[in-house]
Amino acid sequence: MRRYRRLVLIDRVIPFLAALVGLVALAGAVTVQVNADTKTRAVADAVTELRSAVDAASARPVLAPPPADDGSAAAIAALEEKVAALEAALAEQQAAVAALPAAAVPGETAAVQPAEIDPNLPTTDCIPLGTRFMVIPNESFPICQSTVVLKTGMITDDTVTFDQAGLVVETASAPIAGSSCSVIVFTADSAGFAEVRVTCT
């Protein structure tokens, strides 16, 4: 009789145990699924952030590195300065030529005495005597009221070569062959510019 009751009790308890085990297993499965979902969302968020960072980096303009300084910019700047100096000197020469016909008068009643001009010597398309002017290599510069046609050769940092006067150092002068004139070099530059003046006695 006791054995029968024990069997009946066990038969009743077994379904409850089975249900309990099933609940535990279900809880474990739910926990694993929740953890998996959490990790999946975290990985998805990280991928999204990484993709946004890559897109932002791709959208930024790529700045080219500055070109290497090979000295050309400095050479161009120096040449521009020389050209500006040459233009200024030419303007001075033009102003000097324009002022040539006007003679200074010592008084209000004094008559203007024009300078004596030799008709056999050039007076136009030439450099006025005593005027500072710019020269460049391998060019000819006729001098007004003289037979001199100044021909330049090589120009260095501090020298100028003339066909009729030879090598003239900066701030020095030399006689011009075949005339009573001389040429003085004020400045000379290896860029090919020099400032000179011709005077005659």
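A compact table of results
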| quantity | calculated |
| --- | --- |
| Residue in region 174-181 that is under 21 Å from LEU86 (Cβ atoms) and surrounded by 16 or more Cβ atoms within 10 Å (Cβ to Cβ) present | no |
| ASP163 being in the same structural domain as ALA188 (by TED's automatic domain parsing) and at pLDDT 90 or above | yes |
| Residue that is in a helix (DSSP H, G or I), of a type in the set (Lys, Arg), modelled with pLDDT of 70 or more and surrounded by 10 or more Cβ atoms within 10 Å (Cβ to Cβ), where the choices are ARG6, ARG51 | ARG51 |
| Matching strands (runs of 3 or more DSSP E) fully within region 117-201 where at least 2 residues are touching a residue at least 24 places away in the same chain (Cβ under 8 Å) | 132-135, 149-155, 159-162, 181-189, 193-200 |
| Qualifying residue in region 194-201 (condition: surrounded by 21 or more Cβ atoms within 10 Å (Cβ to Cβ) and either touching an Asp or Glu at 6+ places or on another chain (Cβ under 6 Å) or over 13 Å from ARG132 (Cβ atoms) (or both)) | no |
| Hey, ALA73 modelled with pLDDT of 75 or more, part of a helix (DSSP H, G or I) and not assigned by TED's automatic domain parsing to the domain that holds ASP189 or not | yes |
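The values are calculated or read from the model by the stated rules, or taken from the named source; none is laboratory data. Everything numeric here is computed off the predicted structure, so don't read it as measured data. Because the Cβ atoms are built from the backbone with ideal geometry, glycine has one as well, and the counts that use them run over all protein chains shown.
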